[in-house]
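A short worksheet on the structure shown next.
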Amino acid sequence: MTGDQTIHRAAQIIKKGGLVAFPTETVYGLGADAFNPLAVARIFEVKRRPYFDPLIVHVANPSNVEKLAKETPSNAKKLIEKFWPGPLTVVLLKEEKIPDIVTAGLPTLAIRMPNHPMALALIEECNCPIAAPSANPFGYLSPTTADHVRDQLSDQVDLILDGGPCPIGVESTIVSFLDKRPMLLRPGGVSLEEIESVIAKVEIPPIENRPSAPGMFPKHYAPRTPIILDWSEKNLDLYKDRNIGLLLFQQPKHHLKYHPVEILSMKGNLREAAANLFAAIRRLDALHLDLIVAEPIPEVGLGRAIMDRLRRAASRGK
Ligand code: TXA
Ligand code: MG
């Protein structure tokens, strides 16, 4: 099949109420027609996701926001203009016609326009907004390749579109515009610095206290293997006799001979590290280690999103 035929088939599946996993620039999504409540219900079943955790709706054109949201504050407009298509999700008051199951009964809607040719072609061909969470079982790491989706959900998804590895590698940044001050609900692919260069200061609620972000559970993005964020070269021998793997931000000064090692970016580049993050954790998770010891990452730019995911992965079981 040509690319166009594959997209056409995927769109037919969505229009008939099926589920299609598709690539975006951030992570793979598990999509259904946002206006088909039964299809959306299947997303929750397949992911084993609690119904109180709302979904992001994906559009192929910024002009669709007006049709789905009651109003778009000027700060939201500015961010949309600057960062769409791209890894930014805005939370706005929703129009009544959006099924409650999509927004978990909230009066608000999370919307984004992804920056990936396959995602955009799919949404355009379906001619409907696509509700899609990340295409992973609830609580696990998001998939950044089609194989990640196949490994975990293949028998429950009607079609998986393979667009290669996701270039950004961490999920979209979520900003809510319901309060006077815009609020950062999830750090992600657009950095806080980039956002604050366009609009004034953004509120950052503490990680354990985000009532308006129902899906932001402290323990999330968790591999089966426990992770601790405790690596430094001073600890070089501390874990010598243990069955551990190392998740390093950049090339270590010393040769590390005892353990499997994943290096997110040899030169310590945050973009490269984000793009490699979930695949690297998955590879370590497949080794049946007792523990993954991760190196903390500087919390600037994309480093914020990476540390957010690592902290959540590390709080597994707490
Ligand atoms: O990059 C991404 O955003 C990916 C790709 C597939 O687009 N999607 C993604 O979806 O990460 P998901 O479902 O894994 O995460 C969406 C997050 C959840 O934490 C959810 O609670 C939050 O967005 N969310 C959705 N609707 C919301 C709303 N109305 N108000 C506040 N938070 C919302
Ligand atoms: Mg997710």
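The values are calculated or read from the model by the stated rules, or taken from the named source; none is laboratory data. As the structure is a prediction and not an experimental result, all values here were calculated from the model. Using ideal geometry, Cβ is built from the backbone for each residue, glycine included, and neighbour counts are taken over all protein chains shown.
Give the number of residues within the range 144-171 that are among the small types (Gly, Ala, Ser), surrounded by fewer than 22 Cβ atoms within 10 Å (Cβ to Cβ) and within 13 Å of ligand 1 (Cβ to nearest atom). Count: 1. For the range 272-286, filtering for residues that are in contact with a helix residue (DSSP H, G or I) (Cβ under 8 Å, 6 or more places away or on another chain), of a type outside the set (A, V, I, L, M) and either over 16 Å from Pro23 (Cβ atoms) or surrounded by fewer than 21 Cβ atoms within 10 Å (Cβ to Cβ) (or both) leaves 1. Ala119 falls short on exactly one of the conditions (1) within 16 Å of ligand 2 (Cβ to nearest atom); (2) within 20 Å of Arg49 (Cα to Cα); (3) of a type in the set (A, V, I, L, M, F, W, C), and that condition is (2).
Every residue in the range 172-187 that is away from ligand 1 (no atom under 11 Å from the Cβ) and either of a type in the set (Lys, Arg) or free of Cβ contacts under 8 Å to residues at least 40 places away in the same chain (or both), please. Correct list: Asp179, Lys180, Arg181, Leu184.
Select the strands (runs of 3 or more DSSP E) contained entirely in the range 1-61, then report the ones holding at least 1 residues which are modelled with pLDDT of 95 or more, touching a Phe, Trp or Tyr at 6+ places or on another chain (Cβ under 6 Å) and closer than 15 Å to Ile123 by Cα. Before you say what the answer is, go through the steps one by one.
On the way: elements: 20-22, 29-33, 56-58.
In the range 1-61, 20-22, 29-33 are the strands (runs of 3 or more DSSP E) which contain 1 or more residues that are modelled with pLDDT of 95 or more, touching a Phe, Trp or Tyr at 6+ places or on another chain (Cβ under 6 Å) and closer than 15 Å to Ile123 by Cα.
Among the residues of the range 80-95, are any hydrophobic (A, V, I, L, M, F, W, C), part of a loop (DSSP other than H, G, I, E, B) and under 17 Å from the mean Cα position of the chain (by Cα)? Steps first, answer last, please.
Within the range 80-95, the subset hydrophobic (A, V, I, L, M, F, W, C) is 80, 83-84, 88, 90-93.
Narrowing further to those that are part of a loop (DSSP other than H, G, I, E, B): 84.
Of the ones still in play, those that are also under 17 Å from the mean Cα position of the chain (by Cα) are 84.
Scanning the range 80-95 turns up at least one residue that is hydrophobic (A, V, I, L, M, F, W, C), part of a loop (DSSP other than H, G, I, E, B) and under 17 Å from the mean Cα position of the chain (by Cα).
Ala104 meets the conditions (1) of a type in the set (A, V, I, L, M); (2) more than 11 Å from ligand 1 (Cβ to nearest atom); (3) surrounded by fewer than 18 Cβ atoms within 10 Å (Cβ to Cβ) in every case but one. The failed one is (2).
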